[in-house]
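Mind looking over this structure? Questions follow.
The values are calculated or read from the model by the stated rules, or taken from the named source; none is laboratory data. All of these numbers come straight from a predicted model, not from anything done at the bench. When we count neighbours, we look across all protein chains shown, and the Cβ atoms used for this are built from the backbone with ideal geometry, even at glycine.
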Amino acid sequence: MNIVVFDAGGGAGGRVVAEARRRGHRVTAVVRDPAGHSDPADARMVAGDFDHAGTRTGRYRIADHADPAGRITYADFAMALLDEIGAPRRHRAAVSIREA
């Protein structure tokens, strides 16, 4: 399975990455600054962050790749995640959720 772990540089996120790799999953670890971290447990590491102070806008877009400079609010990310869980439109596809 392909798994993306946000806050992979944190205590809980780092352990999730290690456990997922131990179980044989392919993992993308999202951290604020990859230069400040070593590649955790053979996972792919990318830069990314949330708009911590932002409010829910109700807008997001699905993209083929991430933009490390882009930010999405926690609320909009949660909305996008649950929209996809509730009505899956992609199967075995890597996508990025970005601000609209």
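Among the residues that make up the stretch 9-22, is at least one of them surrounded by 15 or more Cβ atoms within 10 Å (Cβ to Cβ), assigned to a strand (DSSP E or B) and outside the structural domain of A75 (by TED's automatic domain parsing)? Walk me through how you get there before you give the answer.
Start the filter on the stretch 9-22 by keeping residues that are surrounded by 15 or more Cβ atoms within 10 Å (Cβ to Cβ), which leaves 9, 13-14, 16-18, 20-21.
Checking the rest, the ones that are also assigned to a strand (DSSP E or B) come to none.
Scanning the stretch 9-22 turns up no residue that is surrounded by 15 or more Cβ atoms within 10 Å (Cβ to Cβ), assigned to a strand (DSSP E or B) and outside the structural domain of A75 (by TED's automatic domain parsing).
In the stretch 34-59, how many residues are in contact (Cβ under 8 Å) with a residue 24 or more places away in the chain, farther than 19 Å from R98 by Cβ and in a loop (DSSP other than H, G, I, E, B)?
Count: 2.
Another one. Taking the stated definitions as given, is T57 modelled with pLDDT under 85, β-branched (V, I, T) and touching a strand residue (DSSP E or B) at 6+ places or on another chain (Cβ under 8 Å)? Break it down into steps so the answer makes sense when it comes.
Numbers: modelled with pLDDT under 85: yes; β-branched (V, I, T): yes; touching a strand residue (DSSP E or B) at 6+ places or on another chain (Cβ under 8 Å): yes.
When the stated conditions are applied, T57 passes them.
Can you find, within the stretch 76-100, the residue that is nearest to R32 (Cα to Cα) among those that are modelled with pLDDT of 75 or more and surrounded by 15 or more Cβ atoms within 10 Å (Cβ to Cβ)?
It comes out as F77.
Out of all the residues in the stretch 26-48, which are under 10 Å from the mean Cα position of the chain (by Cα), under 12 Å from D7 (Cβ atoms) and modelled with pLDDT of 85 or more?
Matches in the stretch 26-48: A29, V30, V31.
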